[in-house]
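Novice: If you scroll down you'll find the structure; I have some questions about it.
The values are calculated or read from the model by the stated rules, or taken from the named source; none is laboratory data. Values in this document were obtained by computation on a predicted structure and should not be read as measured data. Heads up, the Cβs are rebuilt from the backbone with ideal geometry, glycines too, and the neighbour counts pull from every protein chain shown.
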Amino acid sequence: MKKLLSVLLSAGLFFSLTACGGKEADPPRDFTTADAQTLLDSSAFSEPLEEIDREIACSLYELDPDQVSEAAVYGSTGATAEELAVFVFSDTDAADDAKTHFENRIANRTEDMKSYLPGEVPKLEKAVLEVRGATLLFVVANDYAPVEELLK
């Protein structure tokens with residue numbers, strides 16, 4: 001009887017421990033240039049954004065164009081601080097290095113907007129800048145709900 005009780009308790013302990021172990025969450029996926037279109041089609045921006053040529057975008061963000069394999073970049077016509085960029089880099093180091101350039105962009109634009117368009121500063125303060133693998137997403141938006149949905 002003691003052996004049976006011991007086996008049942010062991011089995012119960014085993015099953016209770018394995019029940020707690022869940023499936024690990026999948027790592028977040030890398031960004032794609034299609035994500036830019038998804039955000040453009042959403043309610044994230046207060047005005048239509050204009051597409052920016054890849055070479056001009058690399059110059060604007062001070063990026064090495066040889067390290068950029070794909071890009072989808074859009075900006076405001078000047079009435080807002082809103083912009084959107086998805087870059088696919090040649091490797092993860094290039095993406096990590098690029099993040100610094102975007103952090104500088106946010107700081108510089110925030111300082112510029114304080115005197116030029118102070119109502120746009122809160123958008124810059126909430127800017128989304130995220131690197132996943134060899135990809136980078138940068139968004140300055142009017143409504144961040146669609147961006148948050150994309151980041152899930």
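Novice: Output the number of residues of the range 88-132 satisfying the condition of being of a type in the set (Gly, Ala, Ser), surrounded by 15 or more Cβ atoms within 10 Å (Cβ to Cβ) and within 22 Å of PRO146 (Cα to Cα).
Specialist: 1
Novice: Can you pull out every residue in the range 139-150 that is hydrophobic (A, V, I, L, M, F, W, C), under 11 Å from the mean Cα position of the chain (by Cα) and surrounded by fewer than 24 Cβ atoms within 10 Å (Cβ to Cβ)?
Specialist: VAL147, LEU150 - these are the residues of the range 139-150 that are hydrophobic (A, V, I, L, M, F, W, C), under 11 Å from the mean Cα position of the chain (by Cα) and surrounded by fewer than 24 Cβ atoms within 10 Å (Cβ to Cβ).
Novice: Here is a further query. Residues being part of a loop (DSSP other than H, G, I, E, B), touching a Ser or Thr at 6+ places or on another chain (Cβ under 9 Å) and either charged (D, E, K, R) or surrounded by fewer than 13 Cβ atoms within 10 Å (Cβ to Cβ) (or both): count how many of those fall in the range 69-87.
Specialist: Within the range 69-87, residues that are part of a loop (DSSP other than H, G, I, E, B), touching a Ser or Thr at 6+ places or on another chain (Cβ under 9 Å) and either charged (D, E, K, R) or surrounded by fewer than 13 Cβ atoms within 10 Å (Cβ to Cβ) (or both) number 2.
Novice: Sort out which residues of the range 46-68 are aliphatic (A, V, I, L, M) and loosely packed, with under 13 Cβ neighbours inside 10 Å, and write them in order of number.
Specialist: Correct list: ILE56 only.
Novice: Hey, any hits in the range 97-106 for a residue that's touching a Lys or Arg at 6+ places or on another chain (Cβ under 9 Å), of a type in the set (A, V, I, L, M) and at pLDDT 95 or above?
Specialist: Within the range 97-106, none of the residues are touching a Lys or Arg at 6+ places or on another chain (Cβ under 9 Å), of a type in the set (A, V, I, L, M) and at pLDDT 95 or above.
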